[in-house]
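Chemist: Dropping a structure here in structure tokens format, bear with me for questions.
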Amino acid sequence: MLAEYNGNSRKSGIYCIKNTANGRVYFGSAKVLKQRFVQHEIALRRNKHANRFLQADFNKCGTDSFVFVVIEVVNGDRAQRLEREQFYLSKWHDRGKRCYNIRHEAASREGAADRDPEASRQRRCAGTQSAWDAKTPEARAQHRESLQRFYVEHPEARAAIAVTSKARHADPEYAAKVSAAGRKQSPEHIAKRVAAARAAGAYTQSEERRARVGAMRRRKFPPMVITGPDGTKYMTSDLRAFASEHGLRYRSLYESYRMRRCVISGWHIEVAE
């Protein structure tokens, strides 16, 4: 669909969508004319336009048969724009013969911004989740790959998103809200999320890593004398079991043994003679 702004794309006013194939027209008003053109074009291309007559002719005649024309600039508020839109509707409205408009009274979409923002957010989230659930595993994997490829090819976009995210989380109110939302997740939701991640291969380990982890678990240590903070001495050759029994981190004990550091959190580790 072509657009003829006549130098007024960023202004407010009255526009007309004309079908050059049969001469039918659609009138509307907008605060930002270019933004309204984009909204119309997206809805028509997706076959989801609110005006079924305009959508039917768009599907039949094709996008090249339509032109978006700015017919009047209105430097006033919404009421003044609606008044001028009503002027054209009163002149052209004929119950669908020449004019696509269904209503003979001018109306505006600007009031949509006055709705409950939380309800709007919930509707958007529900729609997004529904669309994601409808995707096949292959489609989800392809979506993730495309996002990763985009961020690799556009580091400036990744940096901009990181700055925005940091600014959001710096707000205590937003951070508390995110934290509360995370705590509201039910066990069923968490299990479903983990299952989906596993199905996508998020927790898949390579054979090399499996072998390395298995070797670490089967590692045999020489007998060691471990002295606790209270002076009690323990003899062990199983660091993992000892760490579990005394509430210590196995990794820290192992690093102490490997690096020959004798003290960790008050515990002394010595290799038995």
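The values are calculated or read from the model by the stated rules, or taken from the named source; none is laboratory data. The structure presented is a predicted model; accordingly, all values stated were derived computationally and were not measured. We place every Cβ from the backbone using ideal geometry, glycine too, and count neighbours over all the protein chains shown.
Chemist: Considering the stretch 1-21 alone, what residues qualify as being surrounded by fewer than 20 Cβ atoms within 10 Å (Cβ to Cβ) and β-branched (V, I, T)?
Modeler: T20
Chemist: Report, ordered by the first and then the second residue, all pairs with beta carbons closer than 7 Å, sequence separation of six or more or different chains, a first member in the stretch 76-100 that is touching a residue at least 12 places away in the same chain (Cβ under 8 Å), and a second member that is assigned to a helix (DSSP H, G or I) and surrounded by 11 or more Cβ atoms within 10 Å (Cβ to Cβ).
Modeler: As it stands, the answer is R78/E110; G96/F53; R98/W92; C99/W92; Y100/F53; Y100/L54, since those pairs meet every condition given.
So that you can scan it fast, the table gives a plain yes or no per residue for (1) polar (S, T, N, Q); (2) closer than 17 Å to R98 by Cβ; (3) surrounded by fewer than 18 Cβ atoms within 10 Å (Cβ to Cβ); (4) not assigned by TED's automatic domain parsing to the domain that holds N8:
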| site | (1), (2), (3), (4) |
| --- | --- |
| G23 | no, yes, yes, no |
| V32 | no, no, yes, no |
| F37 | no, no, no, no |
| H40 | no, no, no, no |
| K48 | no, no, yes, no |
| N51 | yes, yes, no, no |
| C61 | no, yes, yes, no |
| D64 | no, no, yes, no |
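To keep it simple, each residue is scored yes or no on (1) assigned to a helix (DSSP H, G or I); (2) more than 30 Å from the chain's Cα centre (by Cα); (3) at pLDDT 90 or above; (4) on the phi < 0 side of the Ramachandran plot.
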| site | (1), (2), (3), (4) |
| --- | --- |
| I42 | yes, no, yes, yes |
| N47 | no, no, yes, no |
| Q55 | yes, no, yes, yes |
| A79 | yes, yes, no, yes |
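Chemist: Checking S9 against (1) under 26 Å from D77 (Cα atoms); (2) outside any helix (DSSP H, G or I); (3) at pLDDT 90 or above, which test does it fail?
Modeler: That leaves (3) as the condition not met.
Chemist: Among the residues that make up the stretch 236-246, is at least one of them assigned to a loop (DSSP other than H, G, I, E, B), within 16 Å of E270 (Cα to Cα) and at pLDDT 80 or above?
Modeler: Just the residues of the stretch 236-246 that are assigned to a loop (DSSP other than H, G, I, E, B), to begin with: 237-238.
After this cut, where a residue has to be within 16 Å of E270 (Cα to Cα) as well, the list is 237-238.
Filter again for at pLDDT 80 or above, leaving 237-238.
Yes, because at least one residue in the stretch 236-246 is assigned to a loop (DSSP other than H, G, I, E, B), within 16 Å of E270 (Cα to Cα) and at pLDDT 80 or above.
Chemist: Right, something else. Restricting the first residue to the stretch 128-153 and requiring it to be surrounded by 10 or more Cβ atoms within 10 Å (Cβ to Cβ), which pairs with a second residue that is outside any helix (DSSP H, G or I) and of a type in the set (A, V, I, L, M) meet a Cβ separation below 8 Å and a spacing of at least six or different chains?
Modeler: Listed pairs, sorted by first residue: P137/A200; R140/A200; A141/A200; R144/A200.
Chemist: Tell me which of these D94 doesn't satisfy, since it passes every other one: (1) more than 26 Å from R36 (Cβ to Cβ); (2) loosely packed, with under 13 Cβ neighbours inside 10 Å.
Modeler: (1)
Chemist: Does the stretch 95-131 hold any residues that are at pLDDT 75 or above and closer than 17 Å to E85 by Cα, and which are they?
Modeler: R95, R98, C99, Y100, N101, I102, R103, H104, E105, A106
Chemist: Given (1) more than 30 Å from K135 (Cβ to Cβ); (2) of a type outside the set (A, V, I, L, M); (3) modelled with pLDDT of 75 or more, identify the lone condition not met by E207.
Modeler: For E207, the exception is condition (1).
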